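Enquirer: Can you read through this structure? Questions will come right after.
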Amino acid sequence: MTHQNHTRTTAVPGTSGEPARPWMPRQEWVRTQPRTLIASCGLFLDQRRRMLMLRYSPTEPGGGTWWLPGGMLDHGEDPQSAVRREMYEETGIELTSAPTLIGYDHRADVGGTGPVVDFFWYGGVISGPVRLSPEHDRHAFIGLDDLPNTSLTAHAHTLTALHRAATTGTVVCLREGFPHRA
């Protein structure tokens, strides 16, 4: 028997006399599901527990603002591999050990693109030269006390929560950048 790719009806399990529900082939059903972009960002500290931040070049979206190294996943890439790749592409620093998950943030709509889930990873204390990609024009190690005076791509409270998670070995769940309790 050949599988037909058409809608058919099936009885609802556990009911009798209930109207039948339409059945949809999986491939078609997948196309009806919401699309979410996924990004990975890394939090890296110096010896004074300040965060490595990169400033976007004036020609980039968000030009002149600061944020953590990171970016969108490539097709088929997992979030941990993505942060390792992004760190190397944006700073020239190759991570020698696997970063640790410290949080995630669900944002319902980012610039009209729809939902985005950001994974955040702690990559430890780093030192050494930073080689910036053309996407960024400066780097700095920025402490929590300096965040209010820094033009950020997102929110200071997000970075504060992530810094706390990195330095305490915990994981923070964020919603729109704010800590969220399940």
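Enquirer: When the residues of the range 114-136 are narrowed to those that are touching a strand residue (DSSP E or B) at 6+ places or on another chain (Cβ under 6 Å) and not hydrophobic (A, V, I, L, M, F, W, C), which ends up nearest to residue 79 (Cα to Cα)?
Expert: Looking at residues that are touching a strand residue (DSSP E or B) at 6+ places or on another chain (Cβ under 6 Å) and not hydrophobic (A, V, I, L, M, F, W, C), I get 118.
Enquirer: Now a separate question. Run residue 140 past the list (1) in contact (Cβ under 8 Å) with a residue 40 or more places away in the chain; (2) under 22 Å from residue 173 (Cα atoms); (3) not charged (D, E, K, R) and report the number of the one that doesn't hold.
Expert: Unmet for residue 140, out of (1) in contact (Cβ under 8 Å) with a residue 40 or more places away in the chain; (2) under 22 Å from residue 173 (Cα atoms); (3) not charged (D, E, K, R): (2).
Enquirer: Let me ask something else. How many residues does the range 140-156 contain that are open to solvent by 60 Å² or more (accessible area, probe 1.4 Å) and assigned to a helix (DSSP H, G or I)?
Expert: Qualifying residue count for the region: 5.
Enquirer: While we're here: If we keep just the residues of the range 165-180 that are crowded, with 18+ Cβ neighbours inside 10 Å and assigned to a strand (DSSP E or B), which is farthest from the chain's Cα centre (by Cα)?
Expert: So the residue we want is 172.
Enquirer: Another question, if that's okay. In the range 76-91, what residues are open to solvent by 20 Å² or more (accessible area, probe 1.4 Å) and under 11 Å from residue 38 (Cβ atoms)?
Expert: 77, 78, 79
Enquirer: Which members of the range 106-136 meet the condition of being of a type in the set (Gly, Ala, Ser), within 18 Å of residue 43 (Cα to Cα) and open to solvent by less than 30 Å² (accessible area, probe 1.4 Å)?
Expert: Across the range 106-136, the qualifying residues are 123, 124, 133.
Enquirer: Still on this structure: Report, ordered by the first and then the second residue, all pairs with beta carbons closer than 7 Å, sequence separation of six or more or different chains, a first member in the range 61-73 that is at negative phi and surrounded by fewer than 16 Cβ atoms within 10 Å (Cβ to Cβ), and a second member that is part of a loop (DSSP other than H, G, I, E, B) and modelled with pLDDT of 95 or more.
Expert: 63/57
Enquirer: Still on this structure: When residues of the range 20-49 are filtered for being in a loop (DSSP other than H, G, I, E, B), loosely packed, with under 10 Cβ neighbours inside 10 Å and of a type outside the set (Lys, Arg), how many remain? Lay out the reasoning, then the answer.
Expert: Our first condition is that a residue be in a loop (DSSP other than H, G, I, E, B); within the range 20-49, this holds for 20, 24-25, 32-36, 46-49.
After this cut, where a residue has to be loosely packed, with under 10 Cβ neighbours inside 10 Å as well, the list is 32-35, 47-48.
When the remaining residues are screened for being of a type outside the set (Lys, Arg), the result is 32-34, 47.
Here the count works out to 4.
Enquirer: When you go through 85, 55, 48 one by one, which is the residue that is among the charged types (D, E, K, R) and over 16 Å from residue 133 (Cα atoms)?
Expert: Every option except 48 fails the conditions.
Enquirer: Separate question: From the set of residues in the range 102-133 that are among the charged types (D, E, K, R) and within 13 Å of the chain's Cα centre (by Cα), which is modelled with the lowest pLDDT? Walk me through how you get there before you give the answer.
Expert: To start, the set of residues in the range 102-133 that are among the charged types (D, E, K, R) comprises 105, 107, 109, 118, 131.
Now narrow it down to the ones that are within 13 Å of the chain's Cα centre (by Cα): 105, 107, 118.
Details: 105: 95, 107: 91, 118: 96.
This residue is 107.
The values are calculated or read from the model by the stated rules, or taken from the named source; none is laboratory data. Worth saying up front: this structure is predicted, and the values here are computed from it rather than measured. Cβ atoms come from the backbone with ideal geometry, glycine included; neighbour counts cover every protein chain shown. Heads up: the accessible areas ignore ligands, DNA and RNA and are worked out on the full protein's heavy atoms, side chains in. Shrake-Rupley method; radii C 1.70, N 1.55, O 1.52, S 1.80 Å.
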